[in-house]
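For reference, the structure discussed in these notes is given below.
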Amino acid sequence: MVSNAGETVRAPLESVPLDEVARLFEINTFGALRVVQGALPAMRERGSGRLVFVSSIQGRLVLPMIGPYSATKWALEALAETLAIETGHFGVKVSLVQPGAVSSGGGERAKVHLKEDDPYSGLYRQVGVLRGEVVTPELVAAKVADTIELAEPPLRVPAGAPAEQVLAARKAAPADKPFLAAPLNW
């Protein structure tokens, strides 16, 4: 089973509509869990199965102005890791594929909740520098296919060099301070 849902909104956490946050959790997190709950009993009874979740580097770090998306991916990462522990005994393998920015158009379709005179406008204009190099949907799909083919797939699989670099930098950064992949000047 491959779960590949990702929707986002752009807004500061101070003013993002809570119904938008709930909608993102329904799509990005709870939808994946619903599918797992439907598929897992047969996998468990068979004694084998694969659960692959397309997550994001934002399941391990955050970017300003898209905090709700990050929160849904952190939650997805927690669900997947829990599933790996709970279902490994039954022969079910669980993996998270973690791309950075993907050239699928999702970011461009995101709803923006920002007023013209919003105090966070300067930050919003700066966020683009944090996106980094984009990867193609085809690269992500190939990484998913490769992961499915592995006899012993890792729990977390960065998709593309940009994701590998940012996740390595995050891992090396101090845990007691917020992490940004690039400095912001706002």
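Odds and ends about this structure:
- Adding -39500 (n - 2.57) for every DSSP H run of four residues or longer, then dividing by how many residues the chain holds, sets the calculated 222 nm ellipticity at -13000 deg cm²/dmol.
- Legend: helices of the chain (whole DSSP H runs) are marked when their alpha-carbon atoms reach 15 angstrom or more along the helix axis and their mean Kyte-Doolittle hydropathy is at least -1.0; marked are 31-46, 67-87, 137-149, 161-172.
- Each Lys and Arg contributes +1 and each Asp and Glu -1, all at the Cβ; summed about the Cα centre of the stretch 2-172, the dipole is approximately 220 debye.
- The stretch 2-172: relative contact order in percent, alpha carbon pairs under 8 Å with at least 6 residues between: 28 percent
- Excluding exposed DSSP-loop GluC sites (Glu not before Pro) (at most 11 other C-beta within 10 Å), longest clean stretch of the chain: 15-115
- Length gained when the stretch residue 145-residue 121 is fully extended (0.36 nm per residue, less Cα-Cα span): 4.7 nm
- Gain on full extension, evaluated as 0.36 nm per residue between residue 103 and residue 78 minus their Cα-Cα distance, stands at 6.4 nm.
- Candidates 148, 66, 85: whichever shows maximal mean-square fluctuation once the chain is modelled as a Gaussian network with Cα springs under 10 Å: 85
Every number in this text was worked out from the coordinates using simple rules, so none of it is lab data. This structure is a prediction, so every number in the text was calculated from the model and none was measured. No Cβ is skipped: glycine too gets one built from the backbone with ideal geometry, and neighbour counts run over all protein chains shown.
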